[in-house]
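One structure is given below, encoded as structure tokens.
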Amino acid sequence: MKQPSILGPAALALLLGTFAASAQTQLNGAGATFPAPIYTKWFSEYHKLHPGIQINYQAIGSGGGIRQITERTVDFGASDGPMTAEEIAKAPGILHFPTVLGAVVPVYNIPGVTAELKFTGPVLADIYLGKIATWNDAAIQALNPGVRLPDTPIAVVHRADGSGTTYIWADYLSKVSPEWKSKVGVATSLRWPVGVGGKGNDGVAGQVRQQPGAIGYVELIYALQNKIDFGSVRNEAGVYLKASLAGVTAAAAGAARAMPKDFRVSITNAPGKESYPISSFTWLLVYEKQQDPAKGKVLTDFVRWMLKDGQKYCADLAYAPLPAQVVALEEAALAKVK
Amino acid sequence: MRRRGGDDGGLELGTSAVAVLVVALVAAIGLELLHGSRLSIAKFGWSFWTGRDWDPVSGEFGALPFIWGTFYSSLLALLVAAPVGVGIAVFTTDVVPPRFRRPLAFLAELLAAVPSIVYGLWGIFVLVPVVRGLETVVSRTPLRKLPLFSGPPYGLGMLSAGLILALMVIPYVSSVSREVLQAVPVAQREAAYALGATRWEAIRAALHYGRTGILGAVFLGFGRAFGETMAVTMVIGNNPQLSASLFAPQYSMAAVIANEFSEATGDLYLHALTEIGLVLFVITLLVNAASRLLIWSVQRGPGRVSDGVPAPETIPPARAGEAA
């Protein structure tokens, strides 16, 4: 804690002079856990640039973030899934600002198979619906002609805790499988037709690693950081893609052409040859009309910085940065926040 | 000496204020849970207790699979922990030479000091693979046709949850049982020996004398197993289904709150999760009340068999938030 008394009078004067409007401004935010590492990095870097501004973030989950910003107990919220129309009705004037991108990858453990497997959306949906029950099922074999698949039963593993990862996974399966859409649907927690639930990415990855015949899904970042191998998925253009940060940004760029004004867009199964199909934005939630104009200015200044300079920290932490088109759209939208 | 009277008055006032505060707190928790689950109570009524569906997408909520999973895992844990815990108590009061008794009892009680997340991690990396191996062997024998052993060998599931809970409950059962056995009057054992009893028969006489106290110890363990969250969540498989199988992934009340509360959106969903907390609160209260009644019934009887029995260690539903 810096106390003015330990600063020299000159420094104090400088501090007051430079940050007269925003000295000791504190902003509080809460929400999604997935982007929490990069948010923490941004807030600490921003604090170094502007010592008078302190931004606190509590990673309490997207649901909690939406609740808190609705009740206006925080200055901004954060969510891995866009707010529903019903939720927006309770928080009139709320705006979504994409910050970074995430992706979800299929991981598996098949005894005797070292080759990288190829999947399509409908096959993944049928596995998670329990309709494809063994690894040598004709549908999987047809996608992987060179691989000798065993008759091991498929053990489906999913997230047990409510999670943005589950949301993205289910959102993708809903787009490619009408049966998934009608029977299961999209949410952070689901009524799973089959399988066991692991807690967190590590719970899912651990179970997949231990259980012969298991398939699961984890965040791309988690798989990259823990060097877990994963399968490739066929995208909307028919190309099999192994997820990469570039592929995720490409998916966002593909979706940018049809970006709605409120940025509430799902970019799973996005068009484009280079687009990885199981990708998603994560959003900051900010009120258009700020109760405290001074705080509002600090917040918009921060978001502007995050869109330009902040994005360069993405690579270090293995987040996919926003494509330039989306940044331009967001900068325009930011002018609305008063 | 006069002044002591005044001090005693203050003591009485102070302690009764604290006692009333505790009761008020419990009541406040109950009311808050009721208030927080009003939407769900209004929509589902009693069918919440018997509903089998838990579907956040369509807004259908029923607590039965979670109640079932909680009872199943806790009873399974007690089935293992009660004989082992009482066995430890007998061993450390009657069998082992006196100088080893304290260190051994201390070691057994040390199990209670391990944080539940550590049990959970140990469960995932050590217990679950062992259980999976065991299940794989069993599922190759005709035993797999029994409902108790049906289903694929996931490793994660009821058996792992029950075993991990048993391990966590053993120190509670053993330490309270030990207190009970130590409080059995020496005359009881001496009388048994005087009648020509063997050591085993004398121990049985002591166990019989303290039976209600030991039953109370088992109930305390039950209360502990009931509210356990973290370790169970990590190994139970988290699939809300009513299954008799030990191999099946199932779910518990505390686990679903811990898993889904932080990401729950929508009022009905939140209220349904809070109502799960209410159900857990009510059942835990009943279980603890029953265990207290048992212990009191012993204390009122001849001798003070369960002198110094520690208060039941139960986890209030609010603690579920630690998982987030």
task = Taking residue B:91 as the residue in question, decide whether it is surrounded by 12 or more Cβ atoms within 10 Å (Cβ to Cβ), in contact with a strand residue (DSSP E or B) (Cβ under 7 Å, 6 or more places away or on another chain) and of a type outside the set (S, T, N, Q).
result = no
ask   = residue A:228 passes all but one of (1) among the β-branched types (Val, Ile, Thr); (2) modelled with pLDDT under 90; (3) assigned by TED's automatic domain parsing to the domain that holds residue A:164; which number fails?
value = (3)
request  = Report yes if some residue within the range B:52-70 is away from chain A (no Cβ under 14 Å), surrounded by fewer than 17 Cβ atoms within 10 Å (Cβ to Cβ) and within 24 Å of the chain's Cα centre (by Cα); otherwise report no.
outcome  = no
note = When the range B:133-146 is checked residue by residue, the ones that are surrounded by fewer than 21 Cβ atoms within 10 Å (Cβ to Cβ) and either part of a helix (DSSP H, G or I) or free of Cβ contacts under 8 Å to residues at least 40 places away in the same chain (or both) are B:133, B:134, B:136, B:137, B:138, B:140, B:141, B:142, B:143, B:144, B:145, B:146
inquiry  = Anything in the range B:153-184 that is under 18 Å from residue B:115 (Cα atoms), among the aliphatic types (A, V, I, L, M) and more than 14 Å from chain A (Cβ to nearest Cβ)? List them, or say none.
reply    = B:163, B:165, B:166, B:167, B:168, B:169, B:170, B:173
note = Filter the range A:242-264 for residues that are without any contact (Cβ under 8 Å) to a residue 40 or more places away in the chain and assigned to a helix (DSSP H, G or I); the one that is nearest to residue A:168 (Cα to Cα) is A:255
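Within the range B:162-195, work out how many residues are assigned to a helix (DSSP H, G or I) and either in contact with a Ser or Thr (Cβ under 8 Å, 6 or more places away or on another chain) or among the aliphatic types (A, V, I, L, M) (or both). Quick ask: steps written out before the conclusion?
Residues of the range B:162-195 assigned to a helix (DSSP H, G or I): B:162-183, B:186-194.
With the extra rule that they be either in contact with a Ser or Thr (Cβ under 8 Å, 6 or more places away or on another chain) or among the aliphatic types (A, V, I, L, M) (or both), the set shrinks to B:162-170, B:173-174, B:176, B:178-183, B:186-187, B:191-192, B:194.
Matching residues across the range B:162-195 total 23.
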note = Picking from B:255, B:264, the residue that is over 18 Å from residue B:165 (Cα atoms), out of contact with any Pro (no Cβ under 6 Å at 6 or more places or on another chain) and crowded, with 24+ Cβ neighbours inside 10 Å would be B:264
note = Output for Cβ contacts, cut-off 9 Å, separation at least six or different chains, first residue within 23 Å of residue A:192 (Cβ to Cβ) in the range A:141-159, second among the charged types (D, E, K, R) and part of a loop (DSSP other than H, G, I, E, B), reads A:154/A:137; A:159/A:199
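Filter the range B:104-152 down to residues that are within 13 Å of chain A (Cβ to nearest Cβ) and more than 26 Å from the chain's Cα centre (by Cα), then give me how many there are.
First, the residues of the range B:104-152 that are within 13 Å of chain A (Cβ to nearest Cβ): B:116-117, B:120-133, B:135-136, B:139, B:151-152.
Imposing the further condition that a residue be more than 26 Å from the chain's Cα centre (by Cα) reduces the set to B:133, B:136, B:139, B:151-152.
The qualifying residues number 5.
Has the range A:182-204 got any residue that is in a loop (DSSP other than H, G, I, E, B), surrounded by 21 or more Cβ atoms within 10 Å (Cβ to Cβ), basic (Lys, Arg) and within 9 Å of chain B (Cβ to nearest Cβ)?
Of the range A:182-204, the ones in a loop (DSSP other than H, G, I, E, B) are A:184-195, A:199.
From the residues that got through so far, the ones that are surrounded by 21 or more Cβ atoms within 10 Å (Cβ to Cβ) too are A:184, A:186-190, A:192, A:195, A:199.
Now narrow it down to the ones that are basic (Lys, Arg): A:199.
Cutting the leftovers down to within 9 Å of chain B (Cβ to nearest Cβ) gives us A:199.
Yes.
Looking only at the range B:41-73, filter to residues that are of a type in the set (S, T, N, Q) and farther than 16 Å from residue B:256 by Cα; which one of those is modelled with the lowest pLDDT? Give the steps one after another, and end with the answer.
Of the residues in the range B:41-73, the ones of a type in the set (S, T, N, Q) are B:47, B:50, B:58, B:70, B:73.
Next, from what is left, pick out any that are farther than 16 Å from residue B:256 by Cα: B:47, B:50, B:58.
Details: B:47: 93, B:50: 92, B:58: 88.
Filtering first and then ranking leaves B:58.
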ask   = Of all residues in the range A:50-69, how many are away from every other protein chain (no Cβ under 14 Å) and assigned to a strand (DSSP E or B)?
value = 5
query = Just one of the numbered conditions (1) within 19 Å of residue A:187 (Cα to Cα); (2) among the aliphatic types (A, V, I, L, M); (3) under 19 Å from the mean Cα position of the chain (by Cα) is not true of residue A:100; which one?
reply = (1)
task = Give the residue that is surrounded by the most Cβ atoms within 10 Å (Cβ to Cβ), with candidates limited to residues of the range A:78-87 that are more than 9 Å from chain B (Cβ to nearest Cβ) and in contact (Cβ under 8 Å) with a residue 40 or more places away in the chain.
result = A:78
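Rundown of residues vs (1) without any contact (Cβ under 8 Å) to a residue 12 or more places away in the chain; (2) in contact with a Cys (Cβ under 6 Å, 6 or more places away or on another chain); (3) farther than 23 Å from residue A:252 by Cβ, yes/no style:
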{"site": "A:38", "(1), (2), (3)": "no, no, no"}
{"site": "A:53", "(1), (2), (3)": "no, no, yes"}
{"site": "A:68", "(1), (2), (3)": "no, no, yes"}
{"site": "A:72", "(1), (2), (3)": "no, no, yes"}
{"site": "A:89", "(1), (2), (3)": "yes, no, yes"}
{"site": "A:109", "(1), (2), (3)": "no, no, yes"}
{"site": "A:117", "(1), (2), (3)": "no, no, yes"}
{"site": "A:123", "(1), (2), (3)": "no, no, yes"}
{"site": "A:127", "(1), (2), (3)": "no, no, yes"}
ask   = Just a yes or no: is a residue in the range A:212-235 touching a Phe, Trp or Tyr at 6+ places or on another chain (Cβ under 9 Å), within 14 Å of chain B (Cβ to nearest Cβ), surrounded by fewer than 21 Cβ atoms within 10 Å (Cβ to Cβ) and at positive phi?
value = yes
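Do any helices (runs of 4 or more DSSP H) entirely within the range B:1-111 hold 2 or more residues that are of a type in the set (Ser, Thr, Tyr), and if so, which? Working first, answer last.
Values: elements: B:2-36, B:38-44, B:47-50, B:64-90, B:98-110.
Here the list reads B:2-36, B:47-50, B:64-90.
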query = Among the residues of the range A:208-221, is any among the aromatic types (Phe, Trp, Tyr), in a strand (DSSP E or B) and either closer than 21 Å to residue B:265 by Cα or touching a strand residue (DSSP E or B) at 6+ places or on another chain (Cβ under 7 Å) (or both)?
reply = yes
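Just to check your reading of the model, which residue among A:317, A:307 is farther than 16 Å from residue A:105 by Cα, touching a residue at least 12 places away in the same chain (Cβ under 8 Å) and in contact with an Asp or Glu (Cβ under 7 Å, 6 or more places away or on another chain)? Spell out the reasoning first.
On the way: A:317 fails: in contact with an Asp or Glu (Cβ under 7 Å, 6 or more places away or on another chain).
Result: A:307 is the single residue among A:317, A:307 that is farther than 16 Å from residue A:105 by Cα, touching a residue at least 12 places away in the same chain (Cβ under 8 Å) and in contact with an Asp or Glu (Cβ under 7 Å, 6 or more places away or on another chain).
Please give the helices (runs of 4 or more DSSP H) falling wholly within the range B:196-271 in which 2 or more residues are more than 9 Å from every other protein chain (Cβ to nearest Cβ) and modelled with pLDDT under 90.
In the range B:196-271, the matching helices (runs of 4 or more DSSP H) lie at B:199-209, B:211-227.
The values are calculated or read from the model by the stated rules, or taken from the named source; none is laboratory data. What you see is a predicted model; the values in this text were computed from it and never measured. Virtual Cβ from ideal backbone geometry, glycine too; neighbours counted across all protein chains shown.
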